[in-house]
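To start, the structure under review is shown below, and the notes come after it.
The values are calculated or read from the model by the stated rules, or taken from the named source; none is laboratory data. Here the structure is a predicted model, which is why all the values come from computation and not from measurement. Note that each Cβ is placed from the backbone with ideal geometry, even for glycine, and that neighbours are counted across all protein chains shown. Protein only, heavy atoms only, side chains kept; ligands, DNA and RNA dropped before computing areas. Shrake-Rupley method; radii C 1.70, N 1.55, O 1.52, S 1.80 Å.
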Amino acid sequence: QVQLVESGGGLVQAGGSLRLSCAASRSINVMGWYRQAPGKQRELVATSTSGGSANYADSVKGRYTISRDNAKNTVYLQMNSLKPEDTAVYYCIAGISITGPSYWGQGTRVTVSS
């Protein structure tokens, strides 16, 4: 089992920045973030391997950066140039299987005002 503890959500104006953090209870290769906007399905935002490979949704490329601190089993999501459509609950994930992420955090809300 892996426990994930997220922090860093909040309210920000359009064009602003936020950084999300997620600490895992043990080391795990793949960590990342999903999000779910009101009335929409949950979607992949970004993932990262412990070796440094990263993958981004097209909608956040160039604005979001995922990074890792492997010594702390922590993944970060730096979100810049935020838009109102980025408003969502952001979920930290860990581990990937054929059916999707293996572990989920409790979610942290990000609200971008126009």
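Distance from the C-alpha centroid of the range 12-39 to that of the range 53-114: 3 Å, rounded to the whole angstrom.
Sequentially through the range 72-84, phi angles give Karplus couplings (6.51, -1.76, 1.60; θ = phi - 60°) of 9, 6, 10, 10, 10, 10, 8, 10, 10, 6, 5, 10, x Hz, Gly and Pro residues having no value and appearing as x. Protection proxy ranking, highest mean first, for peptides 29-35, 42-48: 29-35, 42-48, where packing is the per-residue count of other beta-carbon atoms within 10 Å, averaged. Counting only protein heavy atoms and a 1.4 Å probe, the chain has 52 square angstrom of accessible area per residue. Take 97-104, 66-73 and order them by the average number of nearby Cβ atoms within 10 Å per residue, most first; the result is 66-73, 97-104. Counting DSSP beta bridges in the chain, what percent are antiparallel, to the nearest 5? So the antiparallel bridges in the chain amount to around 90 percent. Residue separation of Ile98 and Leu44 scaled by 0.36 nm, minus their Cα-Cα distance, works out to 18.0 nm of gained length.
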